[in-house]
Structure formats: C-alpha cells, structure tokens
Amino acid sequence: ALTTGIVGLPNVGKSTLFNAITQAGAESANYPFCTIDPNVGIVEVPDHRLNVLTELVEPKKTIPTAFEFTDIAGIVEGASKGEGLGNKFLSHIRQVDAISHVVRCFADDNITHVNGSVDPIRDIQVINLELILADFESVDKRIARVSKLARTKDKEAVAELAVLEKLRDAFEEEKPARSVEFTEDEEKIVKGLHLLTSKPVLYAANVSEEDIMDPEQNDYVAKVKAFAAEENSEVIVVCAKIEEEIAELEGDEKQEFLDDLGIAESGLDQLIRAAYQLLGLQTYFTAGVQEVRAWTFKKGIKAPQAAGIIHTDFERGFIRAEIVSYEDLVDAKSMAVAKERGKVRLEGKEYIVQDGDVIHFRFNV
Ligand code: GDP
C-alpha cells in the first residue's frame, strides 16, 4: 500500500501528531491488508460522499476507506554522512511514497528548539539539505558509471547522462529533484533513479492552540506558505496538541468541539485528504443494502484491477462493471431511477476507473 512518511526535526510535534493519527484509529478489522507496525498509523479518509450514499441506500453498515501514515524516526542532521541512525532515517524515507513534513510554527519557551529558536524555513532547509546531499551522492556515482557508456555514443546512456547532469546542477544549488522540469521521457529516467527529493511533499505547519483559530495571524505560517508555493507544495495548518484532543472524540462530540473552535474541518482531516491526493489516490464506492463502502485506488487503473482491490477473485473472474457516477446517483436518488435515465453504464476491461464511481462488479468464480 502507498504510504506517506511523517518527518521533521526533534520537538516540532511529530509524535503528538502521530499520536493523534493512531488515536483517531481506524477499525483495523476492516483493513486486513494494512500494515501492522507501531510506526504505521492507519487513518480513515473523511469523505462526505459516503454519508450521502449512506442516507440514500440505508445499508446495515458503512465503511470508509483507509490508508497509512508512517512515523519516520531518526536523526536528521548529518544523515547524509551515513552515520548509524541517520542512515536509517534515509532508508525509511526511501520506502515511503510521499512526505508529510512537520514544521514548528509555535513559540513556547518551555519547549526547547534543537537549533535554539523557532525558524520554520531554516528547519525545512535542514531536512531538505540532507535529502539533497544523499541524492547528490547517488547521482554522482551514477554519472561516473554512465558517462563511460555515453562516450561510446550509447543512446540510452547519452539520454540518462543529460538527465543526471540536470539533476546535479539542481543539487548544486540546493534544489530538490521535484523542482526540476523534465520532459515525459526524462521523467521516466528520473523515476528509475528512486531519488529521495523526487517524492512529493506537503508541509504541516504546527501552530499553537491560540493560533489555530486564526492562522493568518501567524507569521511563521505565512513564511512556510511562501516557501512551499515556490516548489508547488501544499501547506496544511494543524495544532498537533488540539488534534490529539479531537482524536479522542467521536461524531457529534467532535463536531461540537470544532464548532466551538470555529473551524470547519480538523487539521488532521485536512492533512489526511491532502496526503491522499499527494499520493495520487482516488476513491470509488460500492453501495449495497448490506454495506456501503469506499475503496482506495491509484489514479489511472482499469476496472479489473479496481475489482482486485476488493478481492483477487473479482479481478481474475472479471466480466464487466456496472457503473454510475456519484453525482448521477445522487441526482437520481436511487439506482433504479439512475438506470431508467440511462446513467448506469456497462464498462469492460479497458475502462479507466474515475474518482466517485459507484461500481457493481460482475465476475465469474
Ligand atoms: P517531536 O520530537 O517532533 O516528536 O515532538 P513532540 O510531539 O514530542 O512535541 C514536543 C513538545 O512540543 C511536546 O512537549 C509537545 O507537547 C509540544 N507540542 C507539540 N505540538 C504542540 C502544539 O501544537 N502547541 C504547543 N504549545 N506545544 C506543542
């Protein structure tokens, strides 16, 4: 399963946020395919469409979809020099598909900052630099190997060398691979390099309890937003401390608490949805009287693979899929009316599943 890793310097609120994630705790019995590991937190993806479908269909139960956050511990500064724990930090990052970077945007004299003062941009750069240096080293090694081949006019080697040099130039300016523009062909080469700084990033600006109601007042947040905009990354404002409290509440209690704070959606829920998008994940639904359920798939997959997410037998025996879009179903208010209106399509093996599709798979066992 795709996962996003939580990184950040010490004392920025990572553990507090991760705690909130595990507290919010998805019912793990529903997600047997998820990882069981103390460093992995499984979160349910908030999706109002699931509530609407539940009202329409009135099923016995409703199950949201879920995905994973990984808590990445380890020493950050000096990691690229390959010292013990630092090495571990990098190898953990290598295994995740996207990065949620927690930055401290709260001042609190009682909580020491590893670098003496609160300065979110410096903090971001400390971590980014370690990742850039690690990539720099692997690109340098690769250049040494590929340039010999390139001299023999080997076509592939020439193309790869051009990409590697472009990357090296960026790293020299302390820029991550994700900030470099590549053509589609070059992009394929970059993918094969498995660089740390190619992974998509979002920043979680951790603010104080006072600032969460009006984060625009917080200068640190403004700085992080400006920085993130330059590399096309998103910023989510959270107050890890409050998220920890919210995570213990359920349903109405949670909503009341949020209303009291004057915020529409908890920072954690926003973070979950942003990370989901960052990973290129989308949701389709199954809606029967027994169960209405949301399923996660990687954008671009075809109907049989989507069926395989429910059960491998569904993929193996796939015949076709009956599909209605969420909007059409809600307009029609029932499957029967949607059918009458011709909104329910029969799709085959080549159909590319869309976010919001409500699907009934037909298959042979
Ligand atoms: P980590 O080292 O990044 O995992 O940081 P922790 O989650 O352990 O947090 C370090 C300290 O900062 C703890 O004492 C937390 O209670 C405190 N802290 C975390 N988030 C917030 C916050 O949003 N506001 C305030 N005031 N303190 C926080």
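Please report, in whole Å, how far the alpha carbons of the range 70-211 spread along each principal axis, starting with the longest.
62, 31, 27
Can you give me the orientation-averaged projected area of the convex hull built on the Cα atoms of the range 132-260, in nm²?
For the range 132-260, the mean projected area of the Cα convex hull comes to 10.7 nm².
Averaging over all projection directions, find the projected area of the Cα convex hull of the chain and quote it in nm² with one decimal place.
In nm², the orientation-averaged hull projection of the chain is 21.6.
Please sort by residue number the GluC sites (Glu not before Pro) in the range 288-365 whose DSSP state is loop and whose Cβ has at most 10 other Cβ atoms within 10 Å.
Those that pass, being in a loop and sparsely packed, are Glu350.
May I ask you to give the average projected area over all directions of the convex hull of the Cα atoms of the range 135-195, in nm² rounded to one decimal? Let's see the in-between values first.
Details: hull surface 15.0 nm².
Taking the Cα atoms of the range 135-195, their convex hull projects to 3.7 nm² on average.
Of the candidates Thr152, Thr65, Thr112, which one comes out as most mobile in a Gaussian network treatment of the chain with C-alpha springs shorter than 10 Å?
Highest fluctuation among the options: Thr152.
Pick from Asp108, Asp135, Asp119: which residue has the top mean-square fluctuation in a GNM of the chain where Cα pairs under 10 Å get a spring?
Asp108
Tell me the mean residue ellipticity at 222 nm calculated for the chain from its helices only (DSSP H runs of n ≥ 4, each -39500 (n - 2.57), averaged over every residue, nearest 500).
Roughly -13500 deg cm²/dmol at 222 nm, from the helical runs in the chain.
Only loop residues by DSSP count here, and only those with at most 11 other Cβ atoms within 10 Å; note down the trypsin sites (Lys or Arg not before Pro) in the range 91-167 that meet that.
In loop regions of the range 91-167 (DSSP not H, G, I, E or B), the sparsely surrounded trypsin sites (Lys or Arg not before Pro) are Lys153.
Kindly put Val52, Val146, Val289 in sequence by how many other C-beta atoms sit within 10 Å of each C-beta, fewest to most.
Val289, Val52, Val146
Dividing the convex hull volume of the alpha carbon atoms of the range 7-75 by its residue count, what do you get in Å³ per residue?
Value for the range 7-75: 96 Å³ per residue.
Could you list the square roots of 5 times each eigenvalue of the Cα gyration tensor of the range 1-158, that is, the equivalent ellipsoid semi-axes, sorted largest first and rounded to whole Å?
Result for the range 1-158: semi-axes of 37, 26, 13 Å.
In the chain, with Lys and Arg counted as +1 and Asp and Glu as -1 at Cβ, which of these residues, Thr286, Pro215, Val237, has the Cα nearest the positive end of the dipole, that is, farthest along it?
Thr286
Considering only Ile63, Gly78, Thr152, whose Cα is most displaced toward the positive end of the charge dipole of the chain, charges sitting on Cβ of Lys, Arg (+1) and Asp, Glu (-1)?
Going by the Cα projections, it comes out as Thr152.
I need the P(r) histogram for the range 300-363: all alpha carbon pairs, bin width 10 Å from 0 out to the longest distance, whole percents.
24, 50, 25, 1
Go through the range 1-71 and name the chymotrypsin sites (Phe, Trp or Tyr not before Pro) that are in a DSSP coil and have 15 or fewer other Cβ atoms within 10 Å of their Cβ.
Passing sites in the range 1-71 are Phe33.
Of Asp211, Asp328, Asp109, which has the largest mean-square fluctuation in a 10 Å C-alpha GNM of the chain?
Looking only at Asp211, Asp328, Asp109, the biggest GNM fluctuation is shown by Asp109.
Compare the Cα positions of Gly8, Val190, Asn51 along the charge dipole of the chain (+1 at Cβ of Lys, Arg; -1 at Cβ of Asp, Glu; about the Cα centre) and return the one farthest towards the positive end.
Selected residue: Val190.
What size of dipole, in debye to the nearest 20, comes out for the chain about its Cα centre when the only charges are +1 on Lys and Arg C-beta atoms and -1 on Asp and Glu C-beta atoms? Provide the component values of the computation, followed by the final result.
Values: 41 positive and 65 negative charges, 462 e Å.
So the magnitude is around 2220 debye.
Readers should treat all values here as calculations from the given coordinates under stated rules, not as data from a laboratory. Worth saying up front: this structure is predicted, and the values here are computed from it rather than measured. Every residue, glycine as well, gets a Cβ built from its backbone with ideal geometry; the counts of neighbours run over all protein chains shown.
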